[in-house]
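The values are calculated or read from the model by the stated rules, or taken from the named source; none is laboratory data. Since this is a predicted model, take the numbers as computed values, not measurements. Here the Cβ positions follow ideal geometry from the backbone for every residue, glycine too, while neighbour counts run over all protein chains shown.
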Amino acid sequence: MTATPARRGRTLSVALSIALVAAQVSATLVAAARAATPAPPDTRRDQEGIAIRLDEREVRSAGIATTSIERERGEVELSLPGTVAIPPQQLRVVAAPAGGLVEAMLVAADETVTAGQSIARLRSPDLVEAQRQYLAALADEALATDRLRRTRLLWEGRVTPERELRIAETEASHAKSRLDERSQILGLMEMSEADIEALRNSRRIVSAVTIHAPMAGTVVSRNANPGQRVEAAAPVFTIARLEPLWVNIQVPAARLPAVDVGDAVVLPAYGVQGRIIRIGRTVDQNTQSAVAVAEISSGGGLVRPGLAVAATIRIGQNGTPQWSVPASAVVRHRDRSWVFVREENGFRARPVQVIAEAGGRASVRANLAETDRVADRGILALLAELAAVDQD
């Protein structure tokens, strides 16, 4: 039977639909296969850095030039600003032992004092009241002791019960405790044992107390003046020992990895030296630097607290090869320092640790070879290539 034109059209339409579906399925399978196949590794990045492929024509057109590097085998000097400070453990605040009127200041600021030296005199109603209470406690203790003596005699003669003896013993103990307490209060008010003994014997109350230096040192601040009223425990003097001193050195965050505790520090202008004893764990958000503390000698008084100085940190070798390269050869990318080492097919960007910069040269630590040459001109073109490759 011969097919009609309408039937032939329907048959052709069905065949085309089947072919289209088959093509779509095939394309889907191919795409899935490609997705399942891992991408080839990026051979431009490895443990030694990132390869930047340029031929000779591209190198010349970009104006890129290279230079040799020099191995450093000694110490590197890093010069940074610092401020001289007094170690906090060498500071002592002298407070008023009692509230009252400053009668005399016996030493001036920046004056050297010895331990126990008289440095101020204070007239104090509080001291008068404390002595009065001491004398009252002394009288109470004498009465309680005498009563205990008489009660013990009566108890031994079986005239009074034991309970009375125990009461007398308790009262005598409490009276002695109160007397000891009042004696300690007078001691806290700068009265010596000899002064307290004189008060006990003479019953004569004094209204003035002398303040003594608790240690030898230098008066670095004076916080009161004659005629001024002060409260108890108010600061009157600050005394400090000025040997040794500290230098708070501002180390940029990028240089922190190169600085270690124990590194030698020199103040060239004063001829004194010391060592790093502590490196700050936080970075100032405004200056992007941390404080490295160096302990130094005062140089016989040449170095003084508050002085702004230029401190030189001597950084030794740490096992990683150290090189001197032109400062223009070092670039910053993603918070790291890099140099571009010449290779057969272009350059390789290698991360380095910058230790110091001076006189147009930079000291860096990196696993380089003495035969390596680094780019020192046309750096912007290489930096652009590095940024394009290092997208991750």
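May I ask you to verify whether GLU70 is within 30 Å of GLY359 (Cβ to Cβ) and in contact with a strand residue (DSSP E or B) (Cβ under 7 Å, 6 or more places away or on another chain)? Write out each step before concluding.
Numbers: within 30 Å of GLY359 (Cβ to Cβ): yes; in contact with a strand residue (DSSP E or B) (Cβ under 7 Å, 6 or more places away or on another chain): yes.
Yes, satisfied.
Quick one: ALA381 ticks every box in (1) touching a residue at least 24 places away in the same chain (Cβ under 8 Å); (2) among the aliphatic types (A, V, I, L, M); (3) assigned to a loop (DSSP other than H, G, I, E, B) bar one, so which box is it?
(3)
Are there any strands (runs of 3 or more DSSP E) wholly within the stretch 48-99 with 1 or more residues that are small (Gly, Ala, Ser), and if so which?
Details: elements: 49-53, 65-68, 70-72, 76-85, 91-95.
Answer list for the stretch 48-99: 49-53, 65-68, 76-85, 91-95.
State all residues of the stretch 286-335 that are over 16 Å from LEU242 (Cα atoms), of a type in the set (A, V, I, L, M) and in contact with an Asp or Glu (Cβ under 9 Å, 6 or more places away or on another chain); if no residue qualifies, say none.
Hits for the stretch 286-335 are ALA290, VAL291, ALA292, ILE313, ILE315, VAL325, ALA327, ALA329, VAL330.
Please tell me if ALA329 is under 15 Å from ARG373 (Cβ atoms), touching a Phe, Trp or Tyr at 6+ places or on another chain (Cβ under 9 Å) and either aliphatic (A, V, I, L, M) or modelled with pLDDT under 95 (or both). Spell out the reasoning first.
Working: under 15 Å from ARG373 (Cβ atoms): yes; touching a Phe, Trp or Tyr at 6+ places or on another chain (Cβ under 9 Å): yes; either aliphatic (A, V, I, L, M) or modelled with pLDDT under 95 (or both): yes.
Spelling it out, ALA329 is indeed under 15 Å from ARG373 (Cβ atoms), touching a Phe, Trp or Tyr at 6+ places or on another chain (Cβ under 9 Å) and either aliphatic (A, V, I, L, M) or modelled with pLDDT under 95 (or both).
So which residues in the stretch 158-191 are within 30 Å of VAL94 (Cα to Cα) and of a type in the set (Asp, Glu)?
Step one: of the stretch 158-191, the residues within 30 Å of VAL94 (Cα to Cα) are 177-191.
Across the stretch 158-191, the qualifying residues are ASP180, GLU181, GLU190.
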